[in-house]
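J.: Provided herewith is a single structure, encoded as structure tokens, for subsequent inquiry.
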Amino acid sequence: MKNFKKVALALASSLIMASTSLTAFAAPNTTDTDLPTGTVSYTKNVTTGVRAKTNTTPVFMNNQSGMTLWVYANGGSKPSSVSVTYNTGTTIGTYAKVKPGKYVIHTTIYEDGYRKAWLNISTGVNGVSGRCKGVWSPDTAGSYPSAN
């Protein structure tokens, strides 16, 4: 009976340790989320919601807008309003021109200690405007060409 208790205790301890170690590693956040569908132009932008950034992979974007988009991939807290010429000392980000199609945007968001990501999107070209359409994810699964 003593051996049974020791084996049961060892098994229970092993299961508890295994379950807590699994929760220490966040799964990649590669689920695609729709881009905001507002109109974008040189002077008008849209911003995505803030999502968890769980690893060092690039940000993924599938641009279905039919035009090249000027994308600022941000890390950190999103301010209440974001201008097209966005600049603040509380976030880090990377600009990229994203043509229609599937691309990655290389950033150092995770490496610089930020665990949240969001996009600020415009056209970056005077006289060009249209509806923003597509999907994005803060982490990448798969291999895609680089937008930047």
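J.: Condition test on K44, is it more than 21 Å from the chain's Cα centre (by Cα), open to solvent by 100 Å² or more (accessible area, probe 1.4 Å) and at pLDDT 90 or above?
T.: Judged against the criteria, K44 is a match.
J.: Pick from S143, S77, S81: which is in a loop (DSSP other than H, G, I, E, B) and modelled with pLDDT of 90 or more?
T.: So the residue among S143, S77, S81 that is in a loop (DSSP other than H, G, I, E, B) and modelled with pLDDT of 90 or more is S143.
J.: Check whether at least one residue in the stretch 86-94 is at pLDDT below 90, of a type in the set (G, A, S) and in a loop (DSSP other than H, G, I, E, B), and report yes or no.
T.: Yes, the conditions are met somewhere in the stretch 86-94.
J.: Also, I was wondering about something else. Could you figure out which of (1) at pLDDT below 95; (2) assigned to a loop (DSSP other than H, G, I, E, B) isn't true of I16?
T.: (2)
J.: Only residues that are under 14 Å from T108 (Cα atoms) and either hydroxyl-bearing (S, T, Y) or open to solvent by 40 Å² or more (accessible area, probe 1.4 Å) (or both): list them for the stretch 53-75, please.
T.: T54, T56, T57, Y72
The values are calculated or read from the model by the stated rules, or taken from the named source; none is laboratory data. The model shown is predicted, which means the values in this text are computed figures rather than measured ones. Side chains included, ligands, DNA and RNA excluded: accessible areas come from the protein's heavy atoms. Shrake-Rupley method; radii C 1.70, N 1.55, O 1.52, S 1.80 Å.
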